[in-house]
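Structure record follows, encoded as structure tokens.
The values are calculated or read from the model by the stated rules, or taken from the named source; none is laboratory data. Owing to the predicted nature of the structure, the values given are computational and were not obtained by experimental measurement. Positions of Cβ are generated from backbone atoms using ideal geometry, with glycine treated the same way; all protein chains shown enter the neighbour counts. Heavy atoms of the whole protein, side chains included, go into the accessibility calculation; ligands, DNA and RNA do not. Shrake-Rupley method; radii C 1.70, N 1.55, O 1.52, S 1.80 Å.
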Amino acid sequence: VGSADEAADFRLKSSHGRAIPLRRGESLRIANLFGTQVVDAWILAKDDPLEHSSMDHTRSVNSNIFLEQGMVVASSQRRTMARLVEDSSPGRHDTLLCPCNAAIYRELRCEGHHRSCADNFHEALGEIGLRLPFTPASLNLFMNVPIAADGSVDRLAPASKPGDFVILRAEMDIIIVLSACPQDVTPINGNARTPQDIGLAILPAQGSRR
Ligand SMILES: [Zn+2]
């Protein structure tokens, strides 16, 4: 039945990125092994990497500023790329804030080079021979960014528990790019400020459910 048991489990290394091709119908299970780790995610169309996940279309299609179970990730062409079919976490995955990047770590007065989600995106693409001249907005899984009535946003430690997972099902042939967020200055990856590994599994398509 396409359970996690029959899927090959692998890791997304802490503070690093990874690009994972998925055929339509296949799913990716993303497990927050420690409960505290944010995962920035992007999706590219397999046949045209310039068609990428778009957080503005995603918010528009879902009429929501968070991604919740059952909602879809829409592309820059407004096509449905993937659906969040299962979510054991408290949900409310952030679609608003930018992926961390070199400029943010300079603002935080980090000395020298600091890994970032934006750099991880491009590094992971390079590993499969792709290159994009820009960084699309990221879907920030497990990132806890509550919005107040006055429109202000907060940045809190993840509310997920160890082992919480999401399952994204590919609704077309795609490449999912993930970054285990390297942020260790603020508590966005937990109050211990310790980036962690993420557990991954590819689940086969369920043939009868097309
Ligand atoms: Zn990050």
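Counting only the Cα atoms, region 55-133 fills a convex hull of 144 Å³ per residue. Here the peptides 153-164, 117-128 are ranked by packing, the mean other Cβ count within 10 Å, and the order with the highest first is 117-128, 153-164. Across all Cα pairs in region 48-95, the calculated P(r) in 10 Å bins from zero up to the longest distance comes to 30, 53, 16, 1 percent per bin. Shown in residue order for region 85-95 are the 3J(HN,Hα) couplings computed by the Karplus curve 6.51 cos²θ - 1.76 cosθ + 1.60 at θ = phi - 60°: 8, 8, 7, 8, 8, x, x, 6, 5, 6, 10 Hz (x for Gly and Pro). The stretch between T186 and I147 holds 12.2 nm of extra length on full extension. This uses 0.36 nm per residue minus the Cα-Cα distance.
What FRET efficiency comes out for the pair A159/K46, r = Cβ-Cβ distance, R0 = 30 Å, nearest 0.05?
Efficiency computed from Cβ-Cβ geometry: 0.35.
When shorter helices are ignored and each DSSP H run of at least 4 residues is given -39500 (n - 2.57), the per-residue value for the chain at 222 nm works out to -3500 deg cm²/dmol.
Cα convex hull, region 140-210: 149 Å³ per residue, rounded to a whole number. Across the accessible surface of the chain, with the other protein chains kept in place and a 1.4 Å probe, carbon and sulfur atoms take up 48 percent.
Quick one: which residues, 5+ away or cross-chain, put their amide H under 5 Å from the amide H of A137? H built at 1.01 Å from N. Here the answer is M55, since their amide H atoms fall under 5 Å of that of A137.
Using the C-alpha gyration tensor of region 1-103, what are the square roots of 5 times its eigenvalues, in whole angstrom, with the largest one first?
Values for region 1-103, descending: 21, 18, 16 Å.
Counting every C-alpha pair in the chain, the share spaced more than 28 angstrom apart comes to 21%.
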